[in-house]
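Heads up: the structure comes next, in structure tokens.
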Amino acid sequence: SRGFGDVYKRQQVENGRVLCQGEAGDITRLNLNLRCGERVLVELAAGPVHSFEALYQLAAGAPWEAFIPREGQFPVKGHALDSQLHSVPDCQKIVKKAAAARLGRVYGLERLPETGAKYQIQFAVLRDRCSLYLDTTGPGLHKRGYRAVGVEAPLRETLAAAMVTNGPWRPWLPFFDPMCGSGTLCIEAAMVALDRAPGLLRPFDMERWDVCDQAACKALRQEARERFEAKKAEGKPEIFGSDVDKRVPVSYTHLTLPTK
């Protein structure tokens, strides 16, 4: 989205994820502007794990305290595939135990309160190699904030954005979806045409974190709004949609885009 391939030169593309290097402000920038990605994760540790002890040591060596404060909640979830450590519940317990031990030692506590903001830990074990992350997004990025209620056979917003941005349509051309359902393709096309950041209508978990620069987050949101307003002033995109079911258009609200 928005030419990020040109911004983040050091990239590594793998199945299901894209690794890139950036600065703290880029976390907010990515959450706000990614159209096709599902979430933004910060990788804190990675390495081979052929045993539960190795997984414990990897998790115990991750710098959790750089993000998670004394009162922070740190639930753990993840997945394992094609690995000796195939039990996800056991991996969850070990990562949680290792993170708690490290944080308890740093903060001088035997039991951490976990009464503050959520810092979701994620792990991915693939072919006996584990990556440990903090999830900065919260609910997936497909939840844009404009969907009021669900409809039958919904099209996920991130998939719709991928179809729009990777198809033959370009923002200066008319767009027509003859079977639009609740209008997801039309809305995503309008957002692309008007350079509207898809994350403008929703918050992200990292905005509640103590380490978050609130002023910088607000500035990035304002920058995105100004970009949208400038593009809107250039003219209205030609976006058309129709459907045999008259009920489905009421399933989206709160998104005001100048469409036809």
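The values are calculated or read from the model by the stated rules, or taken from the named source; none is laboratory data. Note that the structure is a prediction, hence the values are computed from the model and not measured. All Cβ positions, glycine included, derive from the backbone under ideal geometry; neighbour counts span all protein chains shown. Areas reflect the complete protein model, heavy atoms only, side chains present, ligands, DNA and RNA absent. Shrake-Rupley method; radii C 1.70, N 1.55, O 1.52, S 1.80 Å.
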With the dipole of the chain worked out from charges on the C-beta (+1 for Lys and Arg, -1 for Asp and Glu) around the Cα centre, which of PRO237, ASN15, PRO154 lies farthest toward the positive end?
PRO237
Run the numbers on the chain and let me know its relative contact order in percent, using alpha-carbon pairs under 8 Å that are six or more apart.
21 percent
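Would you please name the trypsin sites (Lys or Arg not before Pro) within segment 101-208 that are DSSP coil residues with at most 11 other C-beta atoms within 10 Å of their C-beta?
Here the sparse-neighbourhood loop sites are ARG111, ARG127.
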Going by alpha carbons, how many degrees (0 to 90, nearest 10) lie between the helix axis of 184-193 and the longest principal axis of the chain?
90 degrees
Report P(r) for the chain: all Cα-Cα distances, bin width 10 Å, range 0 to the bin holding the largest distance, values in whole percent.
6, 26, 29, 22, 13, 4, 0
Tell me, what is the 1.4 Å probe accessible area of THR28, in Å² to the nearest 10?
0 Å²
Contact order relative to length of segment 94-237, as percent, for alpha carbon pairs under 8 angstrom and 6 or more apart:
22 percent
Under a 5 Å amide H to amide H cut-off, with H placed in plane at 1.01 Å, what residues pair with PHE240 once short-range neighbours are removed?
PHE175, PHE176, ASP177
How much length is gained if the chain between GLN73 and LEU201 is pulled fully straight, taking 0.36 nm per residue apart and subtracting their Cα-Cα distance, in nm to one decimal?
43.6 nm
Express in Å², to the nearest 10, the accessible area of VAL244 obtained by rolling a 1.4 Å probe over the protein heavy atoms while all chains stay in place.
140 Å²
With a point put 7 Å past each Cα toward its Cβ, work out how far GLN222 is from VAL88 in nm, to one decimal.
4.2 nm
For the chain, find the longest principal axis of its Cα atoms and tell me its angle to the long axis of helix 24-33, 0 to 90°, nearest 10.
40 degrees
